[in-house]
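Q: I am attaching a structure below and will ask some questions about it afterwards.
The values are calculated or read from the model by the stated rules, or taken from the named source; none is laboratory data. All figures in this text were calculated on a predicted structure; none of them were measured in a lab. All Cβ positions, even for glycine, are placed from backbone atoms using ideal geometry, and neighbour counts span all protein chains on display.
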Amino acid sequence: MIHTIGVIGGGQLGRMFALGAKPMGYDVIVLDPQERSPGGQVADDQIVAAYDDIAAIEELGRRSDVVTYEFENIAIDSVRHLEKLGYRVAPSSDVLRVTQNRLLEKRFVRDCAIPTTGFASINTEADLERAAEELGFPGVLKTSEGGYDGKGQWRVYDLSEARAVLAEAGAAPLIYERLVMFERELSVIATRDAKNEIVTYPVCENEHRDGILAMTIVPARIPDEIAARAQMMAAKLGDRLGIVGTYCVEFFLTAASELLVNEIAPRPHNSGHYTIDATRCSQYEQHLRAICALPLSPPHLFSNAIMMNVLGTGTGDRLHGTSELLADPSIVLHLYGKKHAVKGRKMGHFTMLLDGPVDDTSIARAKAAHAMLRWTK
Ligand SMILES: Nc1ncnc2c1ncn2[C@@H]1O[C@H](COP(=O)(O)OP(=O)(O)O)[C@@H](O)[C@H]1O
Ligand SMILES: [Mg+2]
């Protein structure tokens, strides 16, 4: 019987996971270096320690019946160590290894015969010259590991710009990708359990600003055929990865209706926040079900939804406009309990539940609602 779940990482995803686990009676322990982290505030307990603090990781393993993680930029050795000691971790370190490294991830996707952006491994100037010749410009150089929310990425328009980035990156291994002129960005949230049951949520349409997710629209405004293809690709990738838990596959949809995989997140995802308010079983509860060997719940959308992130702007830590925002009964607000609204930091989100279709009017309504919010000192 699983009673206690350990979560490495106490950010907003750890917090929403804990909030999803409590109604079913589980105890949740979060490990995060920051005291009273967003996850720690709602969990039963928090171990305050670095993600690679082996003694603390061991304590988490000892006190938990199963350990999971809320993001992929954690030390692989921490997860391997827990597995060696015989503790249950889901998803496994093998899944983490592939999905935390953009190069291994793209090779894996290609080996599954699923299209990705053209890419190349970059360690030297010679690699760069070869990539420039094979793939051309413009492109994006990304650190192979450690990036998130557009961090660790540089758009480059010619070889001299690319060389400058390489010099700046120092010894960090990079990946070069051709810049895709996509029509839309899409994502599929899916959950797989140990019996290879897989459920996929409706396809999300995502709008990013400065590399950070700004808005998710569900269902995506795409033909059924493309939605079905994206869901099939996501299921195939989950199956081939052998992942246990909720995961997300991000896609670029091109003008030629081609779907290119951008990346895979081995965890609940920002674009799946809407599942808390708009579906019968959230991506977090679904993750819980998978890692606790409970039956998965076929995703059921109660209403169309638009999710908008509330980011810090660096202009202060006090949020204004929530009362105007909540005058609209179709809006559900989530705030993460973060102290400082640093520019670009994910402070919260809201989901607008729609009676009708997702169209220009409803998108404009969501954007107008978002514009009511502001941060001051
Ligand atoms: N090869 C690419 N072509 C076009 N846009 C890209 C490319 N790579 C990244 N982007 C843009 O930057 C965003 C963030 O990049 P991504 O690779 O998903 O990294 P992360 O989400 O981990 O920061 C993407 O959602 C997309 O908007
Ligand atoms: Mg991404």
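Q: Here is a check on your reading of the model: is residue 245 away from ligand 2 (no atom under 16 Å from the Cβ) and in contact with a helix residue (DSSP H, G or I) (Cβ under 7 Å, 6 or more places away or on another chain)?
A: Taking the combined requirement at face value, the residue satisfies it.
Q: Between 114, 47, which is over 18 Å from the mean Cα position of the chain (by Cα) and either small (Gly, Ala, Ser) or not in a loop (DSSP other than H, G, I, E, B) (or both)?
A: 47
Q: Another one. Kindly evaluate residue 103 against the criterion of being within 16 Å of ligand 1 (Cβ to nearest atom), at pLDDT 95 or above and at negative phi.
A: So residue 103 passes the test.
Q: Write out, first by first residue and then by second, each pair whose Cβ atoms fall under 8 Å of each other, whose residues are 6+ apart or on separate chains, and whose first residue, in region 191-210, is acidic (Asp, Glu) while the second is at pLDDT below 95.
A: Short answer, once both residue conditions are applied: 210/150.
Q: Of all residues being touching a strand residue (DSSP E or B) at 6+ places or on another chain (Cβ under 7 Å) and polar (S, T, N, Q) in region 40-71, which is farthest from residue 1 (Cα to Cα)? Just the residue, please.
A: Among residues in region 40-71 that are touching a strand residue (DSSP E or B) at 6+ places or on another chain (Cβ under 7 Å) and polar (S, T, N, Q), the one farthest from residue 1 (Cα to Cα) is 46.
Q: Another question about this same structure. If you take the residues in region 69-97 that are outside any loop (DSSP other than H, G, I, E, B) and acidic (Asp, Glu), which one is farthest from the chain's Cα centre (by Cα)?
A: 83
Q: So residue 129 clears everything in (1) more than 12 Å from ligand 1 (Cβ to nearest atom); (2) assigned to a strand (DSSP E or B); (3) in contact with a Leu (Cβ under 9 Å, 6 or more places away or on another chain) except one condition, right? Which one?
A: (2)
Q: Just checking, does region 268-288 include any residue being in the same structural domain as residue 360 (by TED's automatic domain parsing), within 16 Å of ligand 1 (Cβ to nearest atom) and touching a helix residue (DSSP H, G or I) at 6+ places or on another chain (Cβ under 6 Å)?
A: Checking region 268-288: at least one residue is in the same structural domain as residue 360 (by TED's automatic domain parsing), within 16 Å of ligand 1 (Cβ to nearest atom) and touching a helix residue (DSSP H, G or I) at 6+ places or on another chain (Cβ under 6 Å).
Q: Would region 298-321 turn up any residue that is closer than 25 Å to residue 244 by Cβ, touching a Cys at 6+ places or on another chain (Cβ under 9 Å) and surrounded by fewer than 14 Cβ atoms within 10 Å (Cβ to Cβ)?
A: Yes - at least one qualifying residue is present in region 298-321.
Q: OK, next. Of everything in region 150-172 that's surrounded by 15 or more Cβ atoms within 10 Å (Cβ to Cβ) and in a helix (DSSP H, G or I), which residue is farthest from ligand 1 (Cβ to nearest atom)?
A: Filtering first and then ranking leaves 163.
Q: Another question about this same structure. Identify all residues within region 309-356 that are touching a residue at least 60 places away in the same chain (Cβ under 8 Å), under 16 Å from residue 273 (Cα atoms) and of a type in the set (Val, Ile, Thr); write none if there are none.
A: 310, 351
Q: Test of understanding: among 39, 25, which residue is surrounded by fewer than 23 Cβ atoms within 10 Å (Cβ to Cβ), small (Gly, Ala, Ser) and under 24 Å from residue 336 (Cα atoms)?
A: Unique residue meeting the criteria: 25.
Q: Can you tell me which residue in region 187-217 is nearest to ligand 2 (Cβ to nearest atom), limited to those that are within 21 Å of residue 245 (Cβ to Cβ) and aliphatic (A, V, I, L, M)?
A: 213
Q: Regarding region 221-228, can at least one residue be identified that is within 14 Å of ligand 2 (Cβ to nearest atom) and either in the same structural domain as residue 303 (by TED's automatic domain parsing) or not acidic (Asp, Glu) (or both)?
A: no
Q: Any residue in region 249-262 that is free of Cβ contacts under 8 Å to residues at least 40 places away in the same chain sitting within a Cβ distance under 7 Å of a residue that is of a type outside the set (Gly, Ala, Ser)? List the pairs, counting only those 6 or more apart or interchain.
A: Between residues of region 249-262 that are free of Cβ contacts under 8 Å to residues at least 40 places away in the same chain and residues that are of a type outside the set (Gly, Ala, Ser), the close pairs are 257/226.
Q: Quick check: is even one residue across region 116-128 closer than 30 Å to residue 11 by Cα and not acidic (Asp, Glu)?
A: Scanning region 116-128 turns up at least one residue that is closer than 30 Å to residue 11 by Cα and not acidic (Asp, Glu).
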